[in-house]
Amino acid sequence: MNCGRGHSKGCQRLQPFAAALLLAGLSNTAFAEEDRKPKPPIILESTGAYEVGGKVVTKPGDPSQTLSCDHGYVEYFIPAKRRSVGLIMWHSSSTKVWENRWDGGEGYKSIFLRKGYPVYLWDGPRVGRANWSCEPITYTPDYFDQRNFAAWRFGLTYLNWHPGLQFPTADREAWNQATRARYDEFDTLENALLQAEAGGQAIDKVGPIVAVTNSAGGWRALLSALKAKSDNMKGIVAYETPGFIFPEGEGPEPKPSAPYGPNSVPLAEFKKLTKFPIQMVFGDYTDTRPIWATSVKVARTFCDIVNRHGGDCEVLLLPDAGLRGNTHIAFADLNNEAVADELSKWLHRKGLDKFAGE
């Protein structure tokens, strides 16, 4: 049974009719029936999951006892008629952000499965479904609801929404979904490098892919590309990354103790990022939050340096493409199909949208 590149023996093959029943138009009933547009069914060849990377540690004083830990988790969905390059969707909150819009409408996972792209949802080590850590982890609850509202640029202060926002502001359940869609995460260089070890192995195992990332997932995907031993990484599209990598002696001063760097690597390592195209995408209202205004500027500097060393990097501000009102998580906003169209255009321009066999 062929379940596609890099899939475990336990993968599940779905017959077209069953897959259509399971996934055609799958969505939350929170949004009105009349808002749904007729769509073709999603027909899968296979779906499943596997762990990748990690290490085995030995119990001190008793080498007969071991723990397998610090691995990543890949959930995969392979269309029956698939494109040659898949999309690995890398969150910085939870896989929920790829599965649905906040109002329950169709998310990036389904949008791109309909387009024929294999989709891989990634949880890095110590996060979500890969939280089997090699070291003790302490979760200390903090009060994030109001902080997230402002940081994700829904508005300047809690429940005072930006005008023209691509979010169902009258739907309190949508906000409830948005603020709950979180895993605990660890924004340190040490953790990013740990995740990059498993991320690099995931790139090697999955096959040709483009990393589509959310927030600090972009930084981790860049680091993972440096760790990969294959040439499977065919591109990175990073939605609002605050973290960057620069070659030693170029770009901003390294800040290895800061939550998102930047960190520096030898030029020979950095040049691995020039072997595939990169797009940095930002939504609206970035000038209302210093972290995002700065991130746009640093993204431009990053792309300038990548391009100076022979790479292919660009920054896309969604308002420049005629898309206004987008938040920090544009791919889950009300206009996410239009945002997805920009990704489709980029994939086409870079020759990454061909079907298998073409």
Exercise for review: Grab the other residues whose beta carbon is less than 11 angstrom from that of Asn131, score K and R as +1, D and E as -1, and report the net.
Suggested key: -2
Point to revise | Spatially proximal lysines relative to Lys297 (Cα-Cα < 19 Å; intrachain offsets below 8 disregarded) | key: Lys255
Exercise for review: Could you check what % of the DSSP bridge pairs in the chain are antiparallel, to the nearest 5?
Suggested key: 45 percent
Point to revise | Cα-based reach from Lys272 at 15 Å (exclusive), listing aspartates and glutamates while leaving out same-chain residues under 8 positions away | key: Asp204, Asp231, Glu248, Asp312
Point to revise | segment 201-236-segment 35-69 distance, computed between alpha-carbon centres (Å) | key: 17 Å
Exercise for review: Using a cut-off of 12 Å between beta-carbons, work out the net charge of the residues near Val265 (Lys and Arg +1, Asp and Glu -1, Val265 not included).
Suggested key: 0
Practice item. Straight distance only, please: which lysines reach the Cα of Lys271 with their own Cα at less than 18 Å, same-chain residues fewer than 8 apart left out? Key: Lys227, Lys229, Lys234
**Study point:** Using θ = phi - 60° and Karplus 6.51 cos²θ - 1.76 cosθ + 1.60, couplings along segment 69-83 (whole Hz; Gly, Pro as x)
**Key:** 7, 6, 9, x, 10, 10, 9, 10, 9, 10, x, 4, 10, 10, 7
Practice item. Filter the cross-link list Lys55/Lys109; Lys59/Lys205; Lys81/Lys345 down to pairs whose alpha-carbon distance in this structure exceeds 23 Å. Key: Lys55/Lys109; Lys59/Lys205
Point to revise | For the chain: relative contact order, % (alpha-carbon pairs under 8 angstrom, 6 or more apart) | key: 17 percent
Check your understanding: Can you give the helix-only mean residue ellipticity at 222 nm for the chain, where every DSSP H stretch with n ≥ 4 adds -39500 (n - 2.57) and the sum goes over all residues, rounded to the nearest 500 deg cm²/dmol?
Key -> -8500 deg cm²/dmol
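Only the coordinates and a few stated rules stand behind these numbers; no lab work does. Quick caveat, the model's predicted, so the values are computed rather than measured. Every residue, glycine among them, receives a Cβ derived from its backbone with ideal geometry; neighbour counts consider all protein chains shown.
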